[in-house]
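A short worksheet on the structure shown next.
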Amino acid sequence: MTSDVATTPDGRGVPRRSSALRILPIELFAARRPHRLVERSVMFYRRAWMLLVSGFFEPLLYLLLVQVGFATLVGDIEVGGVSYDYALFVAPALLASSAMNGAIFDATGNVFEKLRHTKLYDTVLATPMTAADVALGEILGAVLRGTLYSIAFVFTMWVMGLVGSPLIVLAVPVCMLIAFAFAAAGMAAATFMRAWSDLEYVNAVTLPLLLFSATFYPVSSYGQWSWLVQLSPLYHGVVVVRGLNLGRLEWSMLGNLAVLVALALVGLAVTARRIERLLLR
Amino acid sequence: MHGNWRWPASLPCRTVATVPPSIITARDLRKQFGDFVAVDGIDFEVEPGESFGFLGPNGAGKTSTMRMVGCVSPITSGQLRIFDLDAASDGAAIRARMGVVPQADQLDAELTVVENLVIYGRYFDIPRAECRRRAAELLEFVQLTERADERVDPLSGGMKRRLTIARSLMSEPDLLLLDEPTTGLDPQARHILWDRLYRLKQRGVTLVLTTHYMDEAEQLCDRLVVMDQGCIVAEGSPRGLIDQYATREVLELRFVTGDVGDHDAAPAVDIAGIGDRSETLPDRTLIYAHDGEAALAEVHRRGLDPVGSLVRRSSLEDVFLRLTGRTLVD
Ligand SMILES: Nc1ncnc2c1ncn2[C@@H]1O[C@H](COP(=O)(O)OP(=O)(O)O)[C@@H](O)[C@H]1O
Ligand SMILES: [Mg+2]
């Protein structure tokens, strides 16, 4: 492995590796105090807790929709030769989607604001904190918030009788990974945004993801387009979370998790690099 | 007003025993943005405990220089050492020992006044209880204790500036960088700030500041460099620079433009030989003389009739005019 000394001119000390390894989580090693930004978010939400509470309601409405709407109309659905209640099938997919949505919205609009308007990150970078701390810290903040929602979501599923297997408790850590991956991707995207209107592009991505991730139908129903579904990172989250709720674990799920890990690492690396380029000129 | 204010134990107060190395050493320091040269190979040194200024007009390269010293902007070439560490490779370690007051306050609008200070201390890994203690002391120091639990937005410009200075002191820095600390503030707010900075200076904090106000440079700087278009054009103490580049006094004359036609040609001929030299500006003529009153008498003796005249001590403004042919603030 080639690895020359840390000589970035600004002293952020990110070691350079050979190009094949460049995308690896070098940023993770350059980060020292990402939790300080999480602390800052906690400080903020302690007073603005209403903002937190409002985030619980959207997924709740989804669940009600599933419970009283689809489930009664659609009836049962067959997965791998076993028949399941449609509500058990779709609720975990909504859990995965809401982890994605929450994280993405936290990491785009909020980050754009701090990056371009309030200049929070300029302030932070004047301290011993690094661009990697900013990237990782903000992503972790979004994950933390998303975790609260995921726990509430699982709890609500349980109350509504939509839990099919006790394995569903493992869906919370999986949703944390989903949130991390999409927060990282979203924050990376936010560094490329030039105006508020660019947020529309985020919607333009998340809505198709929601529709083409085997959220509402099994992947087989996409027919010859099912390969396309494989390209959606959300699909890989849906597969695992759904598997947990139906009590069906498969080795291939490790592959699904790996896709999310890859997205998380790439998003993190791109974000840290972009922040460095934008703010440390 | 602040007679019984006590120096907080947490603010730096030190005695220098041996001859220490310079706090900042810059050699042939350059900063380029693409093809544009913002800082064009400057050399300077800042000694511990001194108060050092960059005086120059907008666009001179002051902020670019400060950002390089603050280790938030990579140097294009040259050498920059701070605390005897290399700015290029030890940025985080340098930043840990430095306080920064950026040109724009950049306060955290989502947090309260005191939270702004506490979280800033946390960025330096200072324990939370200690952050709270320092925040309370510093709010006292910048006279914002009553506003501690308010949001930042409604504060006046001067208050925000003071809060930013308090924030920069949370880490008890050895070196304080201030980029245009009082630009845009009203005179009273400026004087409060100068007073606070003067106290810091007396306690041995090394101050490095930029300004385009000559009175600020005269008030606060032991030593300064005059910057113009990315270059240092002069260096010295405020008094030394004035002695070197200006006369003791300046006679300012205003003529009615209509009387003399072209505003520069007519008086320039008539005042030739009065004082050491003269400078003609769009709105007035300056005559540099050791004795301003004598020069004015000579102007009258020659039959010139300015509509206004003023004898004043020369200032850094005159130094800048002499060196660049332009005024500092236009
Ligand atoms: N990030 C940047 N990209 C391009 N040009 C810049 C950038 N920052 C500053 N400049 C230019 O460099 C010159 C010096 O700017 P600056 O250091 O801010 O001067 P000062 O602080 O003395 O007013 C200006 O002409 C400014 O437009
Ligand atoms: Mg400036």
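The values are calculated or read from the model by the stated rules, or taken from the named source; none is laboratory data. Just so you know, these numbers come straight off a predicted model, no measurement behind them. Cβ: placed from backbone, ideal geometry, glycine included. Neighbour counts: every protein chain shown. Remember, those area values only see protein heavy atoms, side chains included, never the ligands or the DNA or RNA. Shrake-Rupley method; radii C 1.70, N 1.55, O 1.52, S 1.80 Å.
Taken together, the residues in the stretch B:116-170 that are within 18 Å of B:K201 (Cβ to Cβ) and within 10 Å of chain A (Cβ to nearest Cβ) amount to 2.
Among the residues of the stretch B:70-105, the ones that are within 8 Å of chain A (Cβ to nearest Cβ) and in contact with an Asp or Glu (Cβ under 6 Å, 6 or more places away or on another chain) come to 3 in all. Scanning the stretch B:30-49 for residues that are within 16 Å of ligand 2 (Cβ to nearest atom) and within 14 Å of another protein chain (Cβ to nearest Cβ) returns B:K31, B:F33, B:F36, B:A38, B:V39.
Restrict the check to the stretch B:50-69 and report whether at least one residue is facing chain A (nearest Cβ under 10 Å) and open to solvent by less than 10 Å² (accessible area, probe 1.4 Å).
Initially, the stretch B:50-69 is screened for residues facing chain A (nearest Cβ under 10 Å), giving B:64, B:67-68.
Restricting the remaining residues to those that are open to solvent by less than 10 Å² (accessible area, probe 1.4 Å) gives B:68.
Yes, the conditions are met somewhere in the stretch B:50-69.
Just a yes or no: is a residue in the stretch B:222-235 in a helix (DSSP H, G or I), more than 11 Å from the chain's Cα centre (by Cα) and either under 30 Å from B:E293 (Cα atoms) or within 15 Å of ligand 2 (Cβ to nearest atom) (or both)? Break it down stepwise before answering.
Taking the stretch B:222-235 as the starting set, the residues that turn out to be in a helix (DSSP H, G or I) are none.
No, every residue in the stretch B:222-235 fails to be in a helix (DSSP H, G or I), more than 11 Å from the chain's Cα centre (by Cα) and either under 30 Å from B:E293 (Cα atoms) or within 15 Å of ligand 2 (Cβ to nearest atom) (or both).
Considering each residue of the stretch A:155-167, count those that are part of a helix (DSSP H, G or I) and either surrounded by fewer than 24 Cβ atoms within 10 Å (Cβ to Cβ) or among the aromatic types (F, W, Y) (or both), and give that number. Final tally of qualifying residues: 6.
If the condition is being β-branched (V, I, T) and more than 16 Å from the chain's Cα centre (by Cα), then the stretch A:159-175 contributes A:V159, A:V163, A:I168, A:V169. Scanning the stretch A:212-254 for residues that are over 21 Å from A:M176 (Cα atoms) and either part of a helix (DSSP H, G or I) or in contact with a Pro (Cβ under 7 Å, 6 or more places away or on another chain) (or both) yields A:V219, A:S220, A:S221, A:Y222, A:G223, A:Q224, A:W225, A:S226, A:W227, A:L228, A:V229.
Conditions tested, residue by residue: (1) at pLDDT 95 or above; (2) crowded, with 20+ Cβ neighbours inside 10 Å; (3) more than 21 Å from the chain's Cα centre (by Cα).
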position	(1), (2), (3)
B:I94	yes, yes, yes
B:T112	yes, no, yes
B:E130	yes, no, yes
B:A136	yes, no, yes
B:E150	yes, no, yes
B:T164	yes, yes, no
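Screening A:V229 on (1) in contact with a Ser or Thr (Cβ under 7 Å, 6 or more places away or on another chain); (2) at pLDDT 95 or above; (3) not charged (D, E, K, R) shows it passes everything except condition (2).
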